[in-house]
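Coordinate-derived values only; no laboratory data. Computed from a prediction, not measured in an experiment: that's the story for all the values here. Don't worry about glycine lacking a Cβ; one is built from the backbone with ideal geometry, like all the others, and counts go over all protein chains shown.
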Amino acid sequence: MINRDLLMRTYRSTILPHTVSFHTLLRNGSNRMDHRRNAFSNSSLKGARVLSALSFLILFSSLLSSIGFAQDWVRTGSGLGVEKVRLAVPDFKASGADPQNAALLKTFNDTFWNDLDNSGVVELVSKSFYPLQVPSHTTEITFPAWNAPPPNAAMLAFGNLGVAGGKVTVQGWLYDVKNTASPQVLGKQYADVATDEAARVIAHKFADEIIFRLGGGIPGIAESKIYFVSDRSGRKEIWVMDYDGSNQRQLTHLGSISLSPRISPDGTRLAFSSLTKSGWDILMYSMELNRVVSFPRFGGTNLAPAWSPDGTKLALSSSRGGNSQIYECDASGGNLHRMTNAKGPDVSPVWNRKTGAQIAFVSGSTGLPQVYTMEADGTNQQRMTDQGYAVSPNWSPNGQFLTLAWIRKYGPGEPGSSDIYLMDIASKQWVQLTHDGGRNDFPSWSPDGRHIVFQSARSGKEEIWMMLADGTKLHQLTFTGRNSQPNWSWK
């Protein structure tokens, strides 16, 4: 019987930073990396049948869809269980007559608005409700024009931008317009070289300051990065972009196939898997030196590196002993030791970012791939998914949830699709986040736990998409070439 109190309860604890996962094995030397056809397609699995759905989960899913609890159940990831702050954000004005002002203002205003709109913690007041005269300085505010209908704003973010002597200066304020006696919440001034990139960075910084204050003291993500795989240069290489899809640039130039990028917690190293002369090896890229640095070769097929929260260890899948199993090593590649010993392949390890004491992974030991968890020493293995084809686990920053790609109805004649799901670790209750949008895979959490980035073919080819952690505000980040396997930075 379902615990109605559990369903009704909104999880109030805020999700903080993230971990990653990747699940793919190479079969018979093929360069194709489709885990649906490689990772678990061997003679022992061809006859595997889809497991029957547990009645509890069927009933739970039906209840969620019928009474609308799903949105509330994952409110942790976006609205934090409270009403969003109603925020007015008029365009910043030019504070001088320099000809660069217009272009830099557009970059700043567009970036600033989008950062706040994507934050998940505010409700932006439509600009159509704004008064004709908008402020650029504190002396220009008329409170009734903002705190009463039609804008009826609770907060107002405003300011100015000006270029002089090749330098851009931005002044910005956040006002509580309901508190006319003491309205100022935040006042900041930024200065940098007068470039488009500098204007974008300043907008990110000020947006993060506002999100920090209005979002429960959790740092914003506007300055975070997303690492991913792209074939737009002719080969699958590792790329990086800003969280909003801007500034996409290529990191590796190996001319081979590179996959599963995983940035270290401190952002200084990037572990990934690449097809080298000796086979599939774990490689290490230094973000400080902008090049690949030395890392041991383990032998066999080595994939899906995952950092421990303290950055001192890596988990990975390796076939050096036969079947692919989960191994652990030091961040330098030393002290490699095996953690699982199943009859089927074990792949895609990912650490619990909150505790560092558990690892989620994918195992084919019972037939079709399923998501499991275990202690960091390999003990206490528990199966988390009950049926179908479940891969790509990714642990939420607060350690409470797993996201995964799941084909719940898998097999001949089944209309199942790969969608992103969110599962509560303690209860194994789940919510489906994507629907009817092609094949969705490789979810990765934002540092603030309010967003999820993932790979989707909903546009006709593999691209990177982002959504809030309740499945809303879905939008595409990449458009050129095929792009896959995103990994969000830890901060």
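Taking the Cα atoms of segment 165-240, the ratio Rg/Rh between the radius of gyration and the Kirkwood radius comes to 1.16. Using a simple spin-label model with pseudo-atoms 7 Å out from Cα toward Cβ, ALA148 and ALA426 lie 4.8 nm apart. Note on LYS409 and SER332: their simple-model spin labels are 5.4 nm apart, each label 7 Å out from Cα toward Cβ. Shape class for segment 217-277, computed from the alpha carbon gyration tensor (a ≥ b ≥ c): oblate, with a/c not under 1.5 and a/b at or below b/c.
Over 27 Å between Cα atoms: which of LYS106/LYS225; LYS205/LYS313; LYS277/LYS461 fall into that group? Table pairs above 27 Å Cα-Cα are LYS205/LYS313; LYS277/LYS461.
Looking at segment 366-442, none of the chymotrypsin sites (Phe, Trp or Tyr not before Pro) sits in a DSSP loop with at most 11 other Cβ atoms within 10 Å of its own Cβ. Semi-axes of the equivalent ellipsoid for segment 388-438, computed as √(5λ) from the eigenvalues of its C-alpha gyration tensor and ordered from largest down, come to 22, 11, 9 Å.
Normalised radius of gyration (Cα atoms, divided by 2.2 N^0.38 Å) for segment 106-224: 1.05. Between LYS473 and GLN133, full extension at 0.36 nm per residue minus the direct alpha carbon distance yields a gain of 119.4 nm.
Quick one: of LYS428/LYS491; LYS127/LYS178; LYS188/LYS354; LYS343/LYS491, which pairs are farther than 30 Å apart, Cα to Cα? Over 30 Å apart, Cα to Cα: LYS188/LYS354; LYS343/LYS491.
Expected output is a single nm value to one decimal: the length gained when fully extending between ASN247 and ALA164, i.e. 0.36 nm times separation in residues minus the C-alpha distance. What is it?
Gain on extension, ASN247 to ALA164, equals 27.3 nm.
Give me the percent relative contact order of segment 99-245, please, defined on Cα pairs under 8 angstrom at least 6 residues apart.
Rounded, it is 20 percent for segment 99-245.
Stretch PHE212-GLU83 to full length: gain in nm at 0.36 nm per residue minus the Cα-Cα span?
44.8 nm
Taken over segment 93-157, the convex hull of the Cα atoms encloses 96 Å³ per residue. Between ASP98 and ASN341, the modelled labels are 6.7 nm apart [label points 7 Å from Cα along Cα→Cβ].
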